[in-house]
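Note sheet for the following structure.
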Amino acid sequence: MSEKVVPGRNTAAAEGDIVVFHIGLRINRLRAVSSWLPAFMSMPRMLRELSQEKGSGLLGYKVLYGGPRDFYVVQYWSDKERLLAYAHQQDREHRPAWSAFNRRARAGKGHVGIWHETFIVPAGSYESVYVDMPAYGLAAATGVVPVGRRGDTAAQRLRAAER
């Protein structure tokens, strides 16, 4: 599958505050498939669920591969309230998957690790540039606009975002 390259210099169309959420899984014991496979398989279900619901707050995501043991997802959210609400909803994919992971983790004694980091990024504190790239990262989540609309340099784009 090839993504359409957007020619020239572009930036993300994001406006306002954003939340960047990194979540990952590390396989500590490859042969302990029953410990890590369920956690590995739960993320696509969560992403599908969030992507199908317009008001979920998830703007977009990128799945990344960090080597034979490391997998992670960078997610872009509209606000922390919706991210936190999703994490705690009993009737959604995350909460049951989290509970099941905790049960397996206690039994598996470190066979799989998970991690997450949450960044609340105020307007004016982020900028981006993409040159001859398909929509990627924040631009894939929020849209692409020509760099000139926001400034030709990173410093100009950051200043423009502060206004």
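The values are calculated or read from the model by the stated rules, or taken from the named source; none is laboratory data. Just so it is clear, the structure is predicted and the values come from calculations on it, not from any experiment. Ideal geometry is used to build each Cβ from the backbone, glycine not excepted, and the neighbour counts take in all protein chains shown. Surface areas here come from the heavy atoms of the whole protein model, side chains and all, with no ligands, DNA or RNA. Shrake-Rupley method; radii C 1.70, N 1.55, O 1.52, S 1.80 Å.
Just a few scattered comments:
- The smallest convex shape that holds all Cα atoms of segment 4-60, its convex hull, gives 162 Å³ per residue.
- Extended-chain gain in nm, criterion 0.36 nm per residue less alpha-carbon gap, Val33 and Arg48: 3.1 nm
- In range of the label at Val121: residues from segment 47-79 whose backbone nitrogen is under 11 Å from the point 7 Å along Cα→Cβ: 75-77
- Largest-first ordering by accessible area, 1.4 Å probe, given options Asp79, Asp132, Asp91: Asp91, Asp132, Asp79
- Global form of segment 38-105, assessed from the alpha-carbon gyration tensor, a/c cut-off 1.5: oblate
- Label of the coordinate-derived value, Kirkwood radius over Cα pairs in Å, listed as (1) 16.6; (2) 17.4; (3) 15.4: (2)
- Residues in segment 14-26 carry Karplus couplings, in order, of 4, 9, x, 5, 9, 10, 10, 10, 9, 9, x, 9, 10 Hz; the curve used is 6.51 cos²θ - 1.76 cosθ + 1.60 with θ = phi - 60°, and Gly or Pro positions show x.
- Extension gain, Lys80-Gln156: 0.36 nm per intervening residue step, less the Cα-Cα distance, totals 24.6 nm.
- Sequentially through segment 58-74, phi angles give Karplus couplings (6.51, -1.76, 1.60; θ = phi - 60°) of 6, 8, x, 7, 9, 8, 10, 10, x, x, x, 10, 10, 9, 8, 10, 9 Hz, Gly and Pro residues having no value and appearing as x.
- Percent RCO, i.e. relative contact order, over the chain, from Cα pairs under 8 Å lying at least 6 residues apart: 42
- Modelled FRET efficiency - R0 45 Å, Arg149 with Arg69, Cβ distances, 0.05 increments: 0.65
- Share of carbon and sulfur in the accessible heavy-atom surface of the chain [1.4 Å probe, %]: 55
- Using the Cβ-Cβ distance between Phe40 and His88 with R0 set to 22 Å, the FRET efficiency from 1/(1 + (r/R0)^6) comes to roughly 0.50.
- Gain on full stretching of the segment that runs from Ile114 to Arg95 - 0.36 nm per residue minus C-alpha separation: 5.4 nm
- Cβ-placed point charges (K, R +1; D, E -1), dipole of the chain about Cα centre in debye, nearest 20: 700
- Only the Cβ atoms of Lys and Arg (+1) and of Asp and Glu (-1) were treated as charged; on that basis the dipole of segment 1-86 about its Cα centre amounts to roughly 460 debye.
- For segment 68-116: rounded, prolate or oblate by the Cα gyration tensor [a/c cutoff 1.5]: oblate
- From helices alone, the chain scores -11000 deg cm²/dmol at 222 nm; the rule is -39500 (n - 2.57) for each run of n ≥ 4 DSSP H residues, then divide by the residue total.
- Averaging Cα coordinates gives a centre for segment 52-127 and one for segment 133-159; these two points are 25 Å apart.
- Tensor-based shape of segment 76-163 (alpha-carbon gyration tensor, a/c under 1.5 rounded, otherwise prolate or oblate): prolate
- A probe of 1.4 angstrom, applied to the heavy atoms of all protein chains, finds Met43 with accessible area near 40 square angstrom.
- Sequentially through segment 39-48, phi angles give Karplus couplings (6.51, -1.76, 1.60; θ = phi - 60°) of 5, 4, 7, 6, 4, x, 5, 5, 5, 5 Hz, Gly and Pro residues having no value and appearing as x.
- Taking every protein chain into account, the accessible area of the chain amounts to 60 square angstrom per residue (probe 1.4 Å).
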